Amino acid sequence: MNKAQTLKIRLGNPKPFLSVARDTDDIPSQISINPNLKWKDINWKKVEKSVFKLQKLIYRASGRGELRKMHRYQKLLLKSYYARLLAVRRVTQDNQGKKTAGVDGIKNLTPIQRFNLVNLLSSHYLKASPTRRVYIPKPGKDEKRPLGIPTMYDRALQALVKLGMEPEWEARFEPNSYGLFRWSTQDAIGAIYASIHLKPKYVLDADISKCFDQINHDKLLGKIGESPYRRLIKQWLKSGVFDNNQFLKSVEGTPQGGVISPLLANIALHGMEERLMEFVEKLPFRYPSGKIMGKRDRRNSLNLIRYESRLCHTTRRH
């Protein structure tokens, strides 16, 4: 029996589960409740608040360099029932690609199947399955963009791991790196405006070509280091892909349709801003008077704002 069939059977066979309704002491029997009402009656504000508290602890420990404490909090989040609930909701209800199936053929889940997936996430006994290659058209272009769609189980587990990794890296990322945790597109736009509204500057808007497809696995895993999630991430990177019923090995890159892929891409690009500043310090910039510009002013004359794989580079006119 393959992994996809095993997952379908596990999701289809209900097991007793703890209540996460407003009355948390209530443990109902499987027969006495209506599953459709039960999932709907979950106190999501309480779930999100509990998860966010743990994320803040991870963020603070990462910012202080307390790696042991941070890893302990990350392991705790991986086991958290509330975190697993939130991860399942995000991939089965909130995610835009929730109706696209992976190699398991699973699209929509009933409320009782969602609870079963929550319980299944605690086992970690299933190894990563290959992704399913899907091609979607690029806006305004004739070419198509390949997406790698993971199985429903892998998507939920990736969402769970992402909840623990985002606050760690948010504390470590460079100031002008956006697209994670609390940062949004509007924050990146605000940073661009702040860098150009007082002084005339040249602006270069760029996109890293095939950013997701050409990430070096060894370099990425080296940056991640001794993380509690390292083994899982390595499995997802090396899981391979099915393209037109043909299995292809994953030598480099991360599946663009994966829940955790944008975070992995940001980790891979971490350090770009500092390298650019080191380069700018060596350039022979001069003031209008002809005097050689100081090192600090040379660094301030250039800004790099990054939102995932999109770059905006602004530099002072000289």
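Any residue that is open to solvent by 20 Å² or more (accessible area, probe 1.4 Å), at pLDDT 85 or above and of a type outside the set (A, V, I, L, M) - is there at least one of those in segment 201-214? No, segment 201-214 contains no residue that is open to solvent by 20 Å² or more (accessible area, probe 1.4 Å), at pLDDT 85 or above and of a type outside the set (A, V, I, L, M). From the list 303, 266, the lone residue that is of a type outside the set (Lys, Arg), within 18 Å of residue 173 (Cβ to Cβ) and part of a strand (DSSP E or B) is 303. The set of residues in segment 115-134 being open to solvent by 20 Å² or more (accessible area, probe 1.4 Å), more than 15 Å from residue 151 (Cβ to Cβ) and not hydroxyl-bearing (Ser, Thr, Tyr) consists of 119 alone.
Against the numbered list (1) at pLDDT below 75; (2) among the aliphatic types (A, V, I, L, M); (3) touching a Ser or Thr at 6+ places or on another chain (Cβ under 6 Å); (4) crowded, with 19+ Cβ neighbours inside 10 Å, residue 241 comes up short only at (1).
Just to check your reading of the model, which residue among 60, 64 is among the charged types (D, E, K, R), on the phi < 0 side of the Ramachandran plot, at pLDDT 85 or above and over 20 Å from the mean Cα position of the chain (by Cα)?
Checking each option against the conditions leaves just 64.
Residue count for segment 82-108 satisfying the condition of being in contact with a helix residue (DSSP H, G or I) (Cβ under 6 Å, 6 or more places away or on another chain), in a helix (DSSP H, G or I) and open to solvent by 10 Å² or more (accessible area, probe 1.4 Å): 4.
Take the residues of segment 154-187 that are touching a Ser or Thr at 6+ places or on another chain (Cβ under 9 Å) and modelled with pLDDT under 80: which is most open to solvent (accessible area, probe 1.4 Å)? The qualifying residue most open to solvent (accessible area, probe 1.4 Å) is 183.
The values are calculated or read from the model by the stated rules, or taken from the named source; none is laboratory data. Not measured: the values here are computed from a predicted model. For neighbour counting, all protein chains shown are included, and Cβ atoms are generated from backbone atoms with ideal geometry for every residue, glycine included. Accessible surface is based on the protein model in full, side chains and every heavy atom, while ligands, DNA and RNA are left aside. Shrake-Rupley method; radii C 1.70, N 1.55, O 1.52, S 1.80 Å.
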